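These notes concern the structure reproduced below.
The values are calculated or read from the model by the stated rules, or taken from the named source; none is laboratory data. For clarity, every value in this text was computed on a predicted model and none was experimentally measured. Please note: Cβ atoms are built from the backbone with ideal geometry, for glycine as well, and neighbour counts cover all protein chains shown. To get the accessible areas, we keep the full protein, side chains included, count just its heavy atoms, and leave off ligands, DNA and RNA. Shrake-Rupley method; radii C 1.70, N 1.55, O 1.52, S 1.80 Å.
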Amino acid sequence: MARKKVKLEWIVNHSARKATFKKRKKGLMKKVSELSTLCDVKACMIIYGPDEPHADVWPSVPDAMRVLARLKRLPETEQSKKMMNQEALMRQRIRKLQEQLQKQDKENRELETTLLMHQCLSGRSLHDVAMEDVTALVWMTEMNMKKVREGIEDAALKSEEKVKEEKPVVNDKGKTPMAAAAKEELPGQDWFAGAMDLSELMISRNDDHKNNWLNTYYPLD
């Protein structure tokens, strides 16, 4: 079962206030002891009770004096850097609550403007809408259009980069590296095409004494 959240305010009843003080003091000492053991840090705690003649010191008076002496040896700016009294603590909590409230108010406004935009797309008129809401609607519409334009530009840029990566590289002779390499691997094929050129061979059907060997294997009749 979850613990009930305690309301932080002064306890009016004296007996209840005294019992709460003893209970919280014991729990606070336990927390400081756990922090010192788990994290290996030097810590001390001094509590002055309203109805007690002496202060409660943890872990002991000599140990607490050594921790305080170490604190006093620091520069004044370092001593008060992380110190906080009750007023400073309350101011800090108020500031955090205000930031949370502003954040939640902004989220609520965006949700209301989004709902208004959907209603306008469904045919609602803006005659009965306040000027503040219309301004927010215009701002949200412009932001959405900006996101769409940025998405289109990014997609086009990625498409161009993909086409550049897939396009084959052509050298200065107009040949791809693969075709040039294949041609270099077969350097002696041009002589065969030249030898088979019939215009240069000049075969004559009447020249039997020179071309009998050719007519035997490749008769022209």
Problem set entry | Portion, in percent, of the accessible area of the range 32-129 that falls on carbon or sulfur, probe 1.4 Å | 55
Problem set entry | Note, ³J(HN,Hα) from phi for the range 137-150, Karplus 6.51, -1.76, 1.60, rounded to Hz, x at Gly and Pro | 5, 4, 4, 5, 4, 5, 5, 5, 5, 5, 5, 5, 4, 5
Exercise. Over the range 82-172, how many percent of alpha carbon pairs lie in each 5 Å bin up to the one with the longest distance?
Worked result: 2, 10, 11, 11, 10, 8, 9, 8, 9, 7, 5, 4, 3, 1, 1, 0
Exercise. Among rounded, prolate and oblate, which fits the range 13-104 when a ≥ b ≥ c are the square roots of the eigenvalues of its C-alpha gyration tensor, a/c under 1.5 means rounded, and a/b larger than b/c means prolate?
Worked result: oblate
Exercise. Toward the positive end of the charge dipole of the range 17-152, about the Cα centre and with charges on Cβ (Lys, Arg +1; Asp, Glu -1), which of Pro75, Phe21, Val61 goes farthest?
Worked result: Val61
Exercise. What is the local net charge at Ala136, summed over the other residues whose Cβ is closer than 10 Å to its Cβ (Lys, Arg +1; Asp, Glu -1)?
Worked result: -3
Exercise. Measuring with a 1.4 Å probe in the full set of protein chains, what accessible area per residue, in whole Å², belongs to the range 97-164?
Worked result: 87
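Of the cross-linked pairs Lys103/Lys158; Lys103/Lys147; Lys42/Lys96; Lys31/Lys81; Lys82/Lys106; Lys81/Lys106, which ones have a Cα-Cα span greater than 28 Å in the structure shown?
Where the Cα-Cα span goes over 28 Å, the pairs concerned are Lys103/Lys158; Lys42/Lys96; Lys82/Lys106; Lys81/Lys106.
Under the definition of Cα pairs under 8 Å and six or more residues apart, what whole-number percent is the relative contact order of the range 1-125?
Details: 40 pairs, mean separation 12.6, N = 125.
Here the relative contact order equals 10 percent.
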Problem set entry | Over the range 1-60: Kirkwood hydrodynamic radius from C-alpha pairwise inverse distances, Å | 13.5
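Find the accessible area per residue for the range 1-85; the probe is 1.4 Å, ligands and nucleic acids are left out, and the unit is Å².
Numbers: 7910 Å² over 85 residues.
Here the residues of the range 1-85 average 93 Å² of exposed surface.
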For this session: Could you tell me, in Å, what Rg and Dmax come out for the Cα atoms of the range 78-120?
Result: 18.2, 59
